Amino acid sequence: MTAPPAFLNASEAAGRLGISIKALRLYEERGLLAPNRTAAGWRAYGPEAMSRAAEIAALRALGFSLAQVARVLKGDVQGLEPALAAHQAVLEGQIRELVGKVEKVRGLKDDLARGQAPTAGRLAQLAAPAAPRLRVAFDLPWPWGGERLELTDIRALNHITGPLGSGKTRLAKLLAETLPDAAFLGLERLAENGAAARTRLEADPALEARVERSLAWLVEDGATASDALIALLAGLEAERPFLLVIDMLEQGLDRATQEALIAHLRRRGPGARPLFFLTRSSAILDLEAVGPDEAILFCPANHAPPFQVAPHPFSPGYEALASCLAPPEVRARTEGVIAWRPEVA
């Protein structure tokens, strides 16, 4: 007698697939996945559901929106060209990086053939990224006490968060002033329903086309088109400045739009310009979904110096960070109570 197929709970299924439980729930909400239910009502993922979830996760890794995933699963390939083109660009970027490393190895071999031994430093360069990451360092002014802030490994996505009155907006403006070719995109972008952004788009057809393309992609992924979203995209899609620091990324956006937006930003691929943005939204800064090319800069209460927090419960400052991202009614009970400083060795 054959053994019945194994069923996994949500945590086990997510772990085996290498995705978050939240992603599984999202697939289900969008009608892409239908796990079984136990007699007690718990979700149970059998072989068929796991196979389907693996396909969805793979398509998402290729950069497909959830709407595109749904079409692929139904056999409809219409509109897939942009997603494939974006993935092609990512792969071509990886190829260029590999070609550069091959050339370095070839140069070292030529040196060896001439009897010149490579230095340890040149060998170490083989493991270094193609382009060094940006760095920044400055002394923190008021409301801090002159402490030195150094960010030596600026990532593609940099979340800035903290409780009310922690100085996070001041920090964001300092970063925009200090980093090369950077600008601060403040909440004035929302003034008069984003009138300044609309004027900018009317004057720049190329930028308008990029914004319309990104907006269509986001709407397919569940976002709601709005003046606030268009004003934000006008800044994000502009060719200059190189680096953008954004005040309250989620301002004016509903939760589904926030989730679609952060997924869109994560799909930009290698070589994308770094972004800093303030947020207190758990949809934007979902601690389960933070990837290796993201950093979290936390501004504690009572004007303690900002510091980086890793997105796991054993990281110094994690408890205060999680409290800051909690729903408003929870934050109201804890705001200003937990003031963390990083542990000093």
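In percent, what relative contact order does the range 157-237 have, based on Cα pairs under 8 Å that are 6 or more apart in sequence?
On the way: 49 pairs, mean separation 23.0, N = 81.
Once divided by the residue count of the range 157-237, the mean separation gives 28 percent.
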Subject >> Per-residue HN-Hα couplings for the range 55-69 [Karplus 6.51, -1.76, 1.60; θ = phi - 60°; Hz; x = Gly/Pro] >> reply: 5, 4, 4, 5, 5, 5, 5, 6, x, 6, 6, 5, 5, 5, 4
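Considering only protein heavy atoms and a 1.4 Å probe, what is the carbon-and-sulfur percentage of the accessible area of the chain? Don't jump to the answer; show the numbers that get you there.
On the way: 10450 of 18460 Å².
On the chain, the fraction of accessible area on carbon and sulfur atoms equals 57 percent.
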Subject >> Dipole of the range 255-308, positive end: most advanced residue of 307, 272, 284 [Cβ charges, Cα centre] >> reply: 272
Subject >> Given charges at Cβ of Lys, Arg, Asp, Glu: the chain dipole, positive-most of 140, 9, 211 >> reply: 9
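What Kirkwood radius, in Å to one decimal, follows from the Cα pairs of the range 120-231? Could the numbers behind the result be given before it?
On the way: mean 1/r = 0.0564 Å⁻¹.
Mean inverse Cα-Cα distance, inverted, gives 17.7 Å.
Heavy-atom accessible area per residue, the range 30-157, 1.4 Å probe: how many Å²?
Values: 8040 Å² over 128 residues.
Counting only protein heavy atoms, the per-residue value for the range 30-157 is 63 Å².
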Original post:
What residues have an amide H closer than 5 Å to that of residue 185, excluding those fewer than 5 places away on the same chain, when H is modeled at 1.01 Å from N in the peptide plane?
Top reply: 245, 246, 247
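Cα-based Rg of the range 241-310 per 2.2 N^0.38 Å, rounded to two decimals?
My calculation over the Cα atoms of the range 241-310 gives 1.15.
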Subject >> Solvent-accessible area of residue 22 with every protein chain in place, 1.4 Å probe, in Å² to the nearest 10 >> reply: 70 Å²
Subject >> Cβ-placed point charges (K, R +1; D, E -1), dipole of the range 23-67 about Cα centre in debye, nearest 20 >> reply: 100 debye
Original post:
Any idea which of 102, 32, 75 is furthest toward the positive side of the dipole for the range 26-108, if Lys and Arg beta-carbons carry +1 and Asp and Glu beta-carbons -1?
Top reply: 102
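With a 1.4 Å probe and all protein chains in place, put 60, 170 in order of accessible area, largest first.
Values: 60 50, 170 90 Å².
Sorted by accessible area, descending: 170, 60.
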Original post:
Taking amide hydrogens as modeled 1.01 Å from N in the peptide plane, which residues meet the under 5 Å criterion relative to residue 33, leaving out close sequence neighbours?
Top reply: 28
Original post:
Which value, in debye to the nearest 20, describes the size of the charge dipole of the range 188-234 about its Cα centre when Lys and Arg Cβ atoms bear +1, Asp and Glu Cβ atoms bear -1, and nothing else is charged?
Top reply: 80 debye
Subject >> Å² per residue, accessible surface of the range 192-264 at 1.4 Å >> reply: 44 Å²
Original post:
For the chain, which span is the longest to avoid every loop-located (per DSSP) member of GluC sites (Glu not before Pro) having at most 13 other Cβ atoms inside 10 Å?
Top reply: 1-146
**OP:** Report, by chain and number, residues whose modeled amide H sits under 5 Å from the one on residue 160, excluding near sequence neighbours (fewer than 5 apart, same chain).
**Re:** 277, 278, 279, 297
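Can you bin the chain into rounded, prolate or oblate? Criterion: square roots of the alpha carbon gyration tensor eigenvalues sorted a ≥ b ≥ c, rounded for a/c under 1.5, prolate for a/b above b/c, oblate for the rest. All intermediate terms of the calculation are to be shown ahead of the outcome.
Details: a/c = 1.29, a/b = 1.09, b/c = 1.18.
Judged from the Cα gyration tensor, the chain comes out rounded (a/c under 1.5).
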Original post:
When the chain is modelled as a GNM with alpha-carbon springs shorter than 10 Å, which of 322, 67, 39 fluctuates the most?
Top reply: 39
Original post:
To the nearest 0.05, what FRET efficiency results for residue 91 and residue 147 with a Förster distance of 45 Å applied to their C-beta separation?
Top reply: 0.60
Original post:
Rounded to the nearest 20 Debye, what is the dipole magnitude of the chain about its Cα centre when Lys and Arg each give +1 and Asp and Glu each give -1 at the C-beta?
Top reply: 760 debye
Subject >> Highest-fluctuation residue, 245, 309, 77 considered, GNM on the chain with Cα pairs under 10 Å >> reply: 77
Original post:
What residue among 305, 180, 163 has the largest mean-square fluctuation in a Gaussian network model of the chain, using Cα springs under 10 Å?
Top reply: 180
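Taking the Cβ of residue 97 as the center, what net charge do the other residues with Cβ under 13 Å away carry, scoring Lys and Arg +1 and Asp and Glu -1?
Working: positive: 96, 101, 104; negative: 92, 103.
Taking every other residue near residue 97 into account, the sum is +1.
The values are calculated or read from the model by the stated rules, or taken from the named source; none is laboratory data. Remember, it's a predicted structure, so these values are computed and weren't measured experimentally. FYI the Cβ positions are ideal-geometry reconstructions off the backbone, even for glycines, and counts take in every protein chain you see. Heavy atoms of the whole protein, side chains included, go into the accessibility calculation; ligands, DNA and RNA do not. Shrake-Rupley method; radii C 1.70, N 1.55, O 1.52, S 1.80 Å.
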